[in-house]
Every structure is written in structure tokens, then in C-alpha cells.
Ligand SMILES: [Cu+2]
């Protein structure tokens, strides 16, 4: 009788501990699965992609495990940390000063690694006359990321609004007297859409 009682108490205790463990484990697993993982977006800016038979220009690409894909239509998840890397192989072009400040990234910073020296720095702006190659800008979402010339740059941001928006480079890096033609007009070159969903 005594032994049976001890066994019963032990079984109840084990049961409680066991269920507690299961519930605890299940809960923590659910939290881990449910929390959105950061989304990685890697963009490459080539300096001289062939625009036509005789002319070449700078172009944004999306880097994927399968290779380079068009940047004409980029899809990003809403309410998720986007870890953006931009590799800029192009040089600097003077740009309107208003686009030299980092806006809309987490704590409004970018992290810039120089291609040649390997030196890394965080920055809240870049010099608009000498340091900026291009920008990755979504005006409708108040996102402006100046991209250094010949750098590997990272930034994190969260988009909280769903919809389709226009991304564009605000550096006059195209053809024509004002630099606004060609790639600046070309979807998948210096502009495109970002669909947030
Ligand atoms: Cu550009």
C-alpha cells in the first residue's frame, strides 16, 4: 500500500514535470518559429553594363544564389528586419546634398567597408560631392541610403507599410547633359519597384 502510494505520487510528479517540460518546450519552439527571421537582400551595382551596342552604364542587380537577377521588381517582407548589402563597383558622382543623409534605416546608420583598404565605418551621411556613387531611395517610405563609391555597404531597416513603391537612385548617373537619361529611366537599372507584403 505504501509502495503503491509512493509510485502514484511519483507518477503524478513526473507527469506534471513532464507536461511542464512539454509545454515549455512547445512554447519556446513556437516563439522561435513565429519570430520573423531577418531577410537578406544583396544588391550589386556594376559600373559598365551594356545599355546598347555602343554605350554602357551603371546598373543595380539583385544577387541571388542562382546568380544576378534584374532589380526591376523587388519583393520584401513587411514588418521584418531587412539586412541590405550593397556592393558598389562604381565611382563617385556629385549629388544633390539632400540625398547625402541616411534616412529610414535602424538608428539612421549605414556601415561602409572600403573596397581597397578594408576599413569599416558607420556613417549617418556621406559627402555629396566626393563619396557617393549611387543611392537606394524609396521616397514614399522615407528610406534613403547613400551608397559609397567602391564600397561594400550594409544597412538594416524595417518596412511597416504594404504596397508597391518605386525605388530609385537619386544620383544623376545616367546619360544626357543632366545625367538623367538611359539608366536613370530604365527599370532594373537605376529604378524599379519594391513590393512589400
Ligand atoms: Cu545611380
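Bear in mind that the values in this text are calculations on the coordinates, not laboratory data. If you're wondering where the values come from, they're calculated on a predicted model, not measured in any experiment. Glycine also receives a Cβ, built like all others from the backbone with ideal geometry; neighbour counts cover every protein chain displayed.
Report, for region 39-196, the % of DSSP beta bridges that are antiparallel, rounded to 5.
Approximately 80 percent, going by the DSSP bridge assignments.
When a/c reaches 1.5 or more, the comparison of a/b and b/c decides; with that in mind, is region 71-187 rounded, prolate or oblate per its Cα gyration tensor?
oblate
Using a Förster distance of 35 angstrom, determine the FRET efficiency expected from the C-beta separation of residue 180 and residue 53, and round it to 0.05.
0.95
Quick one: if you stick a label point 7 Å off each Cα along the C-beta vector at residue 166 and residue 97, how many nm between them?
2.6 nm
With the cut-off at 1.5 for a/c, could you classify region 79-125 from its C-alpha gyration tensor as rounded, prolate or oblate?
It comes out oblate by the Cα gyration axes.
Hey, for a label at residue 108 modelled as a point 7 Å past Cα toward Cβ, could you say which residues of region 137-180 have their backbone N under 19 Å away?
The answer is 137-148, 154-160.
Would you mind getting me the FRET efficiency between residue 197 and residue 129? Use the beta-carbon distance for r and R0 = 45 Å, nearest 0.05.
That pair, residue 197 with residue 129, gives E of 0.75.
Given axes a ≥ b ≥ c from the Cα gyration tensor, I'd like to know whether region 52-103 is rounded (a/c under 1.5), prolate (a/b larger than b/c) or oblate.
Oblate shape, in that a/c is at least 1.5 and b/c is the bigger or equal ratio.
Please report how far the C-alpha centroid of region 97-165 lies from that of region 60-83, rounded to the nearest whole angstrom.
Computed from Cα coordinates, the inter-centre distance equals 16 Å.
Suppose the chain between residue 37 and residue 116 were pulled fully straight at 0.36 nm per residue; how much longer would it get relative to their current alpha carbon spacing?
25.3 nm
Explain nothing, just the number: relative contact order of region 33-176, from Cα pairs under 8 Å at least 6 residues apart, as a whole percent.
Relative contact order here is 26 percent.
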